[in-house]
1. Ranked by Cβ crowding within 10 angstrom, fewest neighbours first, how are Thr41, Thr349 ordered?
2. Which of the three applies to the stretch 386-480, rounded, prolate or oblate, going by the alpha-carbon gyration tensor with a ≥ b ≥ c and a/c under 1.5 meaning rounded?
3. Cα atoms only: what Rg and Dmax, in Å, come out for the chain?
4. I'd like to compare 353-359, 216-222: which one has the highest average count of other Cβ atoms within 10 Å, and what's the full order after that?
5. How high is the FRET efficiency between Asn336 and Leu141 when r is their beta carbon distance and R₀ equals 30 Å, given to the nearest 0.05?
6. Spelling out what I want: for every residue of the stretch 344-352, take phi, set θ = phi - 60°, compute 6.51 cos²θ - 1.76 cosθ + 1.60 (Karplus), and round to whole Hz; glycine and proline get x.
7. Students often get this wrong: which residues of the stretch 324-359 have the backbone nitrogen under 14 Å from the point 7 angstrom along Cα-to-C-beta of Phe103?
8. How would you order 82-93, 383-394, 253-264 from highest to lowest mean count of nearby Cβ atoms within 10 Å?
Amino acid sequence: MSNTNLSNEDLLPTSQQARTWRWYHFAALWIGMVMSIAVYTLASGLIKSGMSWYQSVFTIFLGNAIALIPMLLIGHPGVKYGIPAAVLMRASFGTIGGRLPAFLRAIVACGWYGIQTWFGGKMIYTLGGIIVGQSLGGEPLPFLDINLAELLCFLLFWGVQLWFVIHGIHSIRKLETYTAPIKIIICFVLLYWVYQKAGGFGPILVQPSQFVTGGPKAGQFWQVFWPSLTAMVGFQATLALNIPDFTRFAKTQRDQIIGQTVGLPIPMALLSLLAVLVTSGTVVIYGEAIWDPVSLSSRMTGAAVLIALIVLVIDTISVNLAANLVGPSYDFSSLNPNRISYKAGGYITAALAIVIMPWKLLASAEGYIFTWLIGYSALLGPIAGIMMVDYFVIRRTKLNIQDLYRNQGDYQYTHGWNKIALVAFLVGVLPNIPGFLNVAFAETFANVPSIFKTLYTYAWFLGLFISSVVYWVGMKYRKK
């Protein structure tokens with residue numbers, strides 16, 4: 001029997017009847033999540049940092065190929081046992097302690113939910129300006145730093161997504177499956193339009209790396225590459241932890257492995273390449289590089305601009321719901337199963353997405369990539385390491401499912417907390433804190449020793465490695 005303070009209908013193992021997802025559902029899910037504005041704009045930050053187009057695309061591909069490994073490994077127990085990530089975390093952190101990593105991951109996902117909602121609101125803002133024939137601009141509101149029209153459009157898009165919160169995860173799966181092919185077609189149409197309009201693909205393709213001999217950043221490639229690679233892994237770090245929330249609906253392990261492998265690294269690199277090609281063409285067409293697809297859509301004429309913006313709105317809804325709603329909804333539910341259902345967790349996620357004011361996170365490329373992406377990867381890397389070592393090395397993929405829902409059992413540890421997991425997590429996070437403070441609060445923490453700045457560039461990798469080793473040693477020699 002399970003305890004009511006550890007389970008509800010949404011957190012219990014998935015029934016065999018509900019396991020209907022095949023490999024193409026997972027591929028469509030990933031293609032749907034990859035084809036997003038956030039991914040489209042990733043290459044721009046890398047090119048602005050000095051990379052050539054092919055260096056930026058390769059960095060994005062490699063980062064996602066690396067992220068695929070924990071994605072597949074952590075997805076395994078979801079298929080085998082039908083449990084969500086928030087329940088899986090109890091095996092390593094304890095029945096109560098599992099709430100800590102679930103909460104941390106949920107907060108990160110809320111940040112992403114807010115960012116994508118902001119993108120969607122900007123599209124409505126642009127579309128509204130086209131409809132009325134003039135910009136909807138105005139004076140920024142005090143403290144918020146955005147105008148009233150931007151705020152209202154943000155809240156409107158936020159409200160539209162609530163329909164899917166109400167109708168649950170299967171409505172999201174259907175949305176992803178049906179929209180993924182449309183997104184691919186639209187990408188090729190956009191590419192063809194730019195090629196025809198510009199008479200080619202423009203100057204960015206012949207723009208050399210700034211790191212070559214004689215370039216403005218000669219000899220500094222690795223100083224930019226490693227933190228950029230860490231950021232690309234960090235881009236998927238949240239989903240790597242909550243992938244069991246999806247794989248618990250898979251029919252077989254083969255379906256989740258093939259579907260994720262097909263749907264993640266290559267589509268991610270291809271969309272980044274598309275962004276480079278299209279942006280390079282805009283230099284010829286408009287005389288400047290336009291990395292923002294919303295701004296590009298607003299430059300189009302006739303019906304094309306309306307179609308483009310409507311497609312982008314649909315795209316952003318599908319990405320946001322799949323990538324940033326499902327996970328935190330389960331996470332918040334696990335914090336208090338008696339009172340918080342999956343649906344209520346979705347409402348909490350949506351509310352916090354407003355509170356974080358996502359437009360401030362996106363104020364600069366440095367803040368977005370080096371503070372936000374790397375910063376939270378420093379938290380999630382250690383959690384991923386602990387979960388993978390616990391499931392594959394310590395337990396050899398064998399879990400006592402009933403005890404995951406009991407206050408007394410294999411995962412009770414010390415009053416519901418596994419102290420070894422907590423120590424491993426803290427030890428994995430600590431080396432990255434000085435580097436984070438140096439980046440996030442440069443003026444206050446300008447004198448951080450260089451060794452910590454260097455370590456921070458490997459935040460996800462370093463945290464995962466340290467926490468994995470500490471957890472393995474601690475669990476191997478702990479008193480039974």
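Just so you know, all these numbers are worked out from the coordinates, no wet-lab data involved. These figures come from a predicted structure and were not determined experimentally. Glycine gets a Cβ as well: all are built from the backbone with ideal geometry, and neighbour counts include every protein chain shown.
1. On the way: Thr41 19, Thr349 26.
With the sparsest Cβ surroundings first, the list reads Thr41, Thr349.
2. Values: a/c = 3.13, a/b = 2.49, b/c = 1.26.
Prolate.
3. Cα-based Rg and Dmax for the chain come out at 22.4, 72 Å.
4. On the way: 353-359: 17.9, 216-222: 12.6.
Packing proxy ranking, top to bottom: 353-359, 216-222.
5. Numbers: r = 34 Å, r/R0 = 1.15.
Efficiency, rounded to the nearest 0.05: 0.30.
6. Whole-Hz 3J(HN,Hα) from phi for the stretch 344-352: 5, x, x, 5, 5, 4, 5, 5, 5.
7. The answer is 331-337.
8. Working: 82-93: 28.5, 383-394: 22.7, 253-264: 20.4.
So the peptides 82-93, 383-394, 253-264, ranked by packing, come out 82-93, 383-394, 253-264.
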